[in-house]
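Structure first, then comments.
All of the numbers you see were taken from the coordinates with simple rules; none came from a lab. It should be emphasised that the depicted structure is a prediction, and the values quoted were computed from it without experimental measurement. Using ideal geometry, Cβ is built from the backbone for each residue, glycine included, and neighbour counts are taken over all protein chains shown.
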Amino acid sequence: MAHVYLHNAYTESQIAQMQSTDSDTIIVDNFITGEQLKELRSYIDSIEYPEHGKTSKYAGSAYEHPPYGPRIKELIHEKLLEHIGEHQLDFFAWQEAILPWKIHADLRWYADKIPHKVILIPLDVISDKEGWDDTHSITFKQRNYLRNNPNTDIGKKGNSDQKNWKRAIDNLNTEGCINGYSIDEDTWKNYLSHVPYEHLEGLEIDKIYKWKPGSAIIWDANQLHCADNFLARKIKTKLSIIAMTNQA
């Protein structure tokens, strides 16, 4: 299923409700078992991707849709109650990386729902190295609540063409930027070399999450984040499942 991103704004009361559950990034080791990881990894080989952009192959699904939706809900819903409390499952998506994601937030506009947490479960890291080569996801302290969108009711399908993306600090919706640079050049070279160093102005790192089998990372839908430059590490692609939630 392909999602349409409407260029609408959340109201001040909706943003306050969103902020009431904002938190630091959560990293969970042993979120799924080795057998469950093997099961999910076997599923992704049969996925057909309706959204095949320049950055990733992406296939979203509702939890009521067979063959995998009900099983994914069975695997993650109770575990998420432990880590994020009451929530509504929105949708999940299979993703195969092509290029590293640049800095962005996963927030989309809903007329009648308040976005909550995003859960990333790594499924595989594919390179010439045996086992999982080192790769990371990076979250930042800065946020995007869509506060300044123009309310046009106009949107676009998909979101994987990054060529026209601005620096986060130059985006009117980015909030909480600091003065200057808090991220040093060594960190940039190690993790973020797929974006110009100037794109890190105003940003602060929350967490650098190393992908590990069975683990998961949880961030707020309004939180800025990105991939590391896995291509520079000679990684061919990364496979994952992403679960989107709304406030209960």
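Here are some notes:
- Computed magnitude of the charge dipole of the chain (debye, nearest 20; Cβ of K, R +1, Cβ of D, E -1): 540
- Pairs spanning more than 23 Å between alpha-carbon atoms, out of Lys141/Lys236; Lys212/Lys238; Lys73/Lys210; Lys117/Lys189: Lys141/Lys236; Lys73/Lys210; Lys117/Lys189.
- The rule of thumb for compact globular proteins, 2.2 N^0.38 Å, goes into the C-alpha radius of gyration of the stretch 73-117 1.42 times.
- FRET efficiency, 1/(1 + (r/R0)^6) with R0 30 Å, evaluated for Ile178 and Tyr110 via beta carbons: 0.50
- Contact order relative to length of the chain, as percent, for alpha carbon pairs under 8 angstrom and 6 or more apart: 38
- Between Arg41 and Thr187, the distance separating the two model label sites (each 7 Å from Cα on the Cα→Cβ line) works out to 3.1 nm.
- For the stretch 116-123, 3J(HN,Hα) computed residue by residue from phi via the Karplus equation (6.51, -1.76, 1.60; θ = phi - 60°) reads 10, 10, 10, 10, 10, 10, x, 10 Hz, glycine and proline entered as x.
- Projected-area mean, the stretch 80-148, by convex hull of Cα positions, square nanometres: 7.0
- 13 Å beta-carbon shell around Arg147, net charge (K/R +1, D/E -1): -1
- If R0 is taken as 35 Å, the Cβ-Cβ distance between Glu82 and Thr237 corresponds to a FRET efficiency of 0.70.
- Under-5 Å amide H pairs with Asn229, H placed in peptide plane, nonlocal only: Leu192, Ser193, His194
- Kirkwood-based shape ratio for the stretch 28-172, expressed as Rg/Rh from alpha carbons: 0.95
- Estimated FRET transfer efficiency (Ile126, Lys156; beta-carbon r; R0 25 Å; 0.05): 0.25
- Whichever aspartates and glutamates have a C-alpha closer than 18 Å to that of Lys57, once near sequence neighbours (fewer than 8 apart) are set aside: Asp45, Glu48, Glu96, Asp106, Asp124, Asp161, Asp228
- Segment Glu74-Ala16, length gained on full extension (0.36 nm per residue, minus Cα span): 17.8 nm
- Rg/Rg_ref, the chain, where Rg_ref = 2.2 N^0.38 Å and atoms are Cα: 0.97
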